[in-house]
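The values are calculated or read from the model by the stated rules, or taken from the named source; none is laboratory data. This one's a predicted model, so the numbers in the text were calculated from it and none came from an experiment. Don't worry about glycine lacking a Cβ; one is built from the backbone with ideal geometry, like all the others, and counts go over all protein chains shown.
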Amino acid sequence: MNPQEKKIMGLTAASHNLVHLYEGVLPPILPLLLVEFSTDYFHMGMIVTIFSYAFGIGSLPAGYLSDRVRPGKLVSLFLLGAGGLSVCMGAVNSLWVYGALMGLIGLCCSLYHPASNTLISQVMSEKGSAFGIHGIAGSLGVAVAPVLSASIGSGIGWKAPHILFGLLGIGAGLYSLSRFFQIPAAVAKNLLSPQPRASGLSISVLALVVFYLSAAFLGLTYKGIMTFLPVYMGERISMSFLGISKLTLAGSFATFALLSGAVGQYISGRLVDRWRPEFIYAGAIGLGTVFVFLMAVSSNGLLIASAVMYAFFYFATQPIQNYMLSRYLPQDRYGLGFGVHFFITFGVGSTAAAFSGYLADHYGLASVFYAMGGCFTASSFLAGYLILQTRTHLRPLLS
């Protein structure tokens, strides 16, 4: 990477870490919120759904804007907006106000992914590696959210992790204002006036539909599993001899498991620059399916090991998805294409939180993992079909 690429990579990586802290702050403190608001899993799942649906549906206009304004401006707006609203959590005293604020934070977060992925697609010379690094930063945010949120929440109160992450976002947003707009004129011109794809991969519209359907099922599994993984691990793992609170213990094990996702991001990001991404994508989903079902029937050490492998294979799919879209779409449609992708992943996927909450209330937490394993299976079949669809490229897509 040249110096300008490194600058953009650093800022987008830090921002990606933060967006997943905002997304992951609630599940680890879920036991505290159940007591604070005298509610149940279903209603807390509904709040996660509100956040995630706002996160997803906002990706559509964010994608449209990313093709027309400098994507770095949208990244700065996300940081300042989500950070400021998170600090406002200090004044919350009801479940409905909490849900409304989470929805607004989700809307601010929706700006991030279409903008950052458009920026990377347009500027980075080694897209696969860049998406891998970017994904690692996001995975680290996902991974550290459980232990940070749980330990801070159990020690100071449930509002504290929201406020701390908010202050970090405001600081990063102010820093980004002085950096994103210092991109050289030649690069800025490319960002504002990208050229349509002149050559490259041409696929059918059906192949893109199959890709988006596969991503939708993975989005369902992500939201369903991530919402209830910390509390599920707290229920299934017994290590009281360690002498720490059950909430912190559950968050720590969830963090340990999710750290493997960063490794998966790195490896898949390296591979897609060298091998056909559709094969890697289908393989990662197929192997991930096995470990989701294992999570449903295991406890203690086997549950931890299964969660580690699930995280490795699930997060490995993300750089591959981004890389595939950067090949399937013309450059002047990157923003819209990524916007649709994240709307499907986070918007459609958000319904899994409330649905999983219903399953947890009526059939136990293990039922959530059986249901998510079914979604993984569906995505695996679609990914296999995508291999066949992209084997020969018969007509151009959106060009």
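List of remarks:
- Check on V69, surrounded by fewer than 20 Cβ atoms within 10 Å (Cβ to Cβ) and modelled with pLDDT under 90: yes
- Selection count, the stretch 85-106, where residues are in contact with a Leu (Cβ under 9 Å, 6 or more places away or on another chain) and farther than 18 Å from L32 by Cα: 5
- Test: A305 is within 23 Å of G269 (Cβ to Cβ) and among the small types (G, A, S): no
- Odd one out for Y266 among (1) within 21 Å of the chain's Cα centre (by Cα); (2) modelled with pLDDT of 80 or more; (3) farther than 24 Å from E126 by Cα; (4) surrounded by fewer than 20 Cβ atoms within 10 Å (Cβ to Cβ): (3)
- If you go through the stretch 75-131 and pick out every residue that is farther than 13 Å from H16 by Cα, of a type outside the set (V, I, T), part of a loop (DSSP other than H, G, I, E, B) and in contact with a Phe, Trp or Tyr (Cβ under 9 Å, 6 or more places away or on another chain), you end up with 2.
- Matching residues, the stretch 1-34, being under 26 Å from T351 (Cβ atoms) and hydrophobic (A, V, I, L, M, F, W, C): L18, V19, L21, V25, L26, I29, L30, L32, L33, L34
Residue-by-condition table, conditions (1) among the basic types (K, R); (2) crowded, with 21+ Cβ neighbours inside 10 Å; (3) under 27 Å from L60 (Cβ atoms); (4) at pLDDT below 85:
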residue: V92; (1), (2), (3), (4): no, no, no, no
residue: S116; (1), (2), (3), (4): no, yes, yes, no
residue: S125; (1), (2), (3), (4): no, no, no, yes
residue: G132; (1), (2), (3), (4): no, yes, yes, yes
residue: V147; (1), (2), (3), (4): no, yes, no, yes
residue: G157; (1), (2), (3), (4): no, no, no, no
residue: A160; (1), (2), (3), (4): no, no, no, no
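- Residue tally, condition of a type in the set (V, I, T) and more than 30 Å from P31 (Cα to Cα), over the stretch 344-391: 3
- In the stretch 1-57, residue surrounded by the fewest Cβ atoms within 10 Å (Cβ to Cβ) [restricted to those that are of a type in the set (S, T, N, Q), assigned to a helix (DSSP H, G or I) and at pLDDT 85 or above]: N17
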